[in-house]
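This report concerns only the one structure given below.
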């Protein structure tokens, strides 16, 4: 009797964040800075970077160019941001935040917040750690997705 071989096709693991990498199934370590860069605040922020999603958490290695960042926004998942390089400035739930390298920022679920890479410092790199009740992207508080925040002199030159 002939042996019947089942054809096994690998399906790409589904992620909540477009372009994110799914952890598990043999993938257990990642060079975050080398991952494909994906938008991490489409419509309200300049944030972008590599994102890895597990079963219940995600981690992003996020870049914000100096003098740019997010307009006030919220997301359904709580978040920790650990500043690896530069300084983030803004507010969380109406409280002012100044977070230089080595600072951890806690953002509760649904808390209005804005974070900008200080114009007086270098570009910012931070680790964003979120639960997976939602992907990495939230929504602007004003209901528009018209673009990120730019400090004076940092907006892109229009052609």
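The values are calculated or read from the model by the stated rules, or taken from the named source; none is laboratory data. Everything numeric in this text was worked out from a predicted model, so none of it was measured. When we count neighbours, we look across all protein chains shown, and the Cβ atoms used for this are built from the backbone with ideal geometry, even at glycine.
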*asked:* Every residue in segment 98-130 that is more than 13 Å from residue 83 (Cα to Cα) and assigned to a strand (DSSP E or B), please.
replied: 107, 113, 114, 130
_Residue among 136, 62, 107, 125 that is at pLDDT below 95, crowded, with 17+ Cβ neighbours inside 10 Å and closer than 25 Å to residue 36 by Cβ_ = 136
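This table checks each residue for (1) under 21 Å from residue 17 (Cβ atoms); (2) touching a strand residue (DSSP E or B) at 6+ places or on another chain (Cβ under 7 Å).
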| position | (1), (2) |
| --- | --- |
| 52 | yes, yes |
| 57 | yes, yes |
| 62 | yes, yes |
| 78 | yes, yes |
| 87 | no, yes |
| 104 | no, yes |
| 110 | yes, yes |
| 148 | yes, yes |
| 158 | no, no |
*Would you pick out the residues in segment 25-43 that are loosely packed, with under 10 Cβ neighbours inside 10 Å, in a loop (DSSP other than H, G, I, E, B) and at negative phi?*
28, 29, 31
